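Have a look at the structure below, then the notes.
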Amino acid sequence: MTFSRYYRHKLTAQQKAIYDDLVAGMENRVYEVKTNYVSNQDISIIAHAVNFDNPQLFYVDFTRLTVIHSMGTSRVLVSYLFDEYLQRKIEQKLKIVTSKILNSVAGKTMKTASLILHDWLVCNCQYGECNDAPNASHSIVGALIYSKCVCEGYAKAYKYLADLIKMRAIVVVGKGMHPDGTSGGHAWNIVMLNKQCFHVDVTFDLLFAGKYCSRAYYLLSTKEILYDHSIDPIFEMPECSTDSQVLQIVSGTTELINYLNAQYQSRVTHSEVRLTKGFPKQKLFTMIKEKMAAKDVGWYNQIDSFWYGDKSRTFFVCWK
């Protein structure tokens, strides 16, 4: 059983009963779940809740749920992506992978553990379509076994791991704004730490930083995440009122120059810092050059590449 079933909590009493019947049926691999009459709209809402509350149901094909109404009753027909033998084999592999991850968070605080899970997914899983198993790109199978998935796979994997360590987490569904200004369907997480909720977007941290591990989208407030995300209105999400950025925050050009100089002197491979105000790249570097001293030219010329995350407020630098 998953530790946190947020979407179930948001359902009516009747919807919860059907939700429970569906989960029990899917866990036992039944092909038909009978209920009192339920509308197609309600089934759609319940299926959404079951799907995103229960990443361990990776073997269920939620795109092929069928409802048949007859004589005041409804029958939900369930399809499966794997036969039972293959499902069990995958579950065994998941145990092996997750046991190593769980060992790395043993004895850590929930906040530290939440960051370890975030960093593990960013560093060990490649973004893209995974064709090694049915629906792997959108499930924990792609993320944890084949090390390749899209945003839904990352979000479900993060929740799956969070459930294992009894950390409350939600898979959030909505849209994300791409660097080119376009937007598309997207999924990420909300986590609860010390009774406060925060947004965590593993996918965006991976896409912005490539082979490096960004933390620009770790522990953001609702205000922060909405700069380049939007949330689908199917379910009301908890308000994340506090921003708990782990990145160093700098205010002003002089402070940024001092930070970058110190980072270069430390011989790190990359640096990431939070700006209190975002600027277009050209304007930011114009401001830096205007305030640079002669001694700063050395580190400035060693910038290999740089980019922004989160609407030009997270500055990421790779060093030569």
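Output the residue which, of all residues in region 184-214 that are part of a loop (DSSP other than H, G, I, E, B) and among the hydroxyl-bearing types (Ser, Thr, Tyr), is surrounded by the most Cβ atoms within 10 Å (Cβ to Cβ).
Taking region 184-214 and keeping what is part of a loop (DSSP other than H, G, I, E, B), we get 194-195, 201, 210-214.
This time we only want the ones that are among the hydroxyl-bearing types (Ser, Thr, Tyr), so: 212, 214.
Numbers: Tyr212: 16, Ser214: 25.
Only one residue fits best here, namely Ser214.
Quick one: which helices (runs of 4 or more DSSP H) lie wholly within region 1-99 and hold at least 2 residues that are surrounded by fewer than 19 Cβ atoms within 10 Å (Cβ to Cβ) and more than 23 Å from the chain's Cα centre (by Cα)?
On the way: elements: 6-9, 13-27, 40-53.
Helices (runs of 4 or more DSSP H) meeting the threshold: 13-27, 40-53.
Could you tell me which residue of region 125-178 is surrounded by the most Cβ atoms within 10 Å (Cβ to Cβ), considering only residues that are basic (Lys, Arg) and in contact (Cβ under 8 Å) with a residue 40 or more places away in the chain?
The initial filter retains those residues of region 125-178 that are basic (Lys, Arg), namely 148, 156, 159, 166, 168, 175.
Next cut, in contact (Cβ under 8 Å) with a residue 40 or more places away in the chain only: 156, 159, 166, 168, 175.
Working: Lys156: 28, Lys159: 31, Lys166: 10, Arg168: 19, Lys175: 15.
It comes out as Lys159.
Residue-by-condition table, conditions (1) within 29 Å of Leu121 (Cα to Cα); (2) modelled with pLDDT under 95:
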position: His9; (1), (2): yes, no
position: Leu22; (1), (2): no, no
position: Thr35; (1), (2): no, yes
position: Val38; (1), (2): no, yes
position: Ser44; (1), (2): no, no
position: Ala47; (1), (2): yes, no
position: Gly72; (1), (2): no, yes
position: Ser99; (1), (2): yes, no
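The values are calculated or read from the model by the stated rules, or taken from the named source; none is laboratory data. Computed from a predicted structure; not experimentally measured. So basically every Cβ, Gly included, is an ideal-geometry build from the backbone, and we count neighbours across all protein chains shown.
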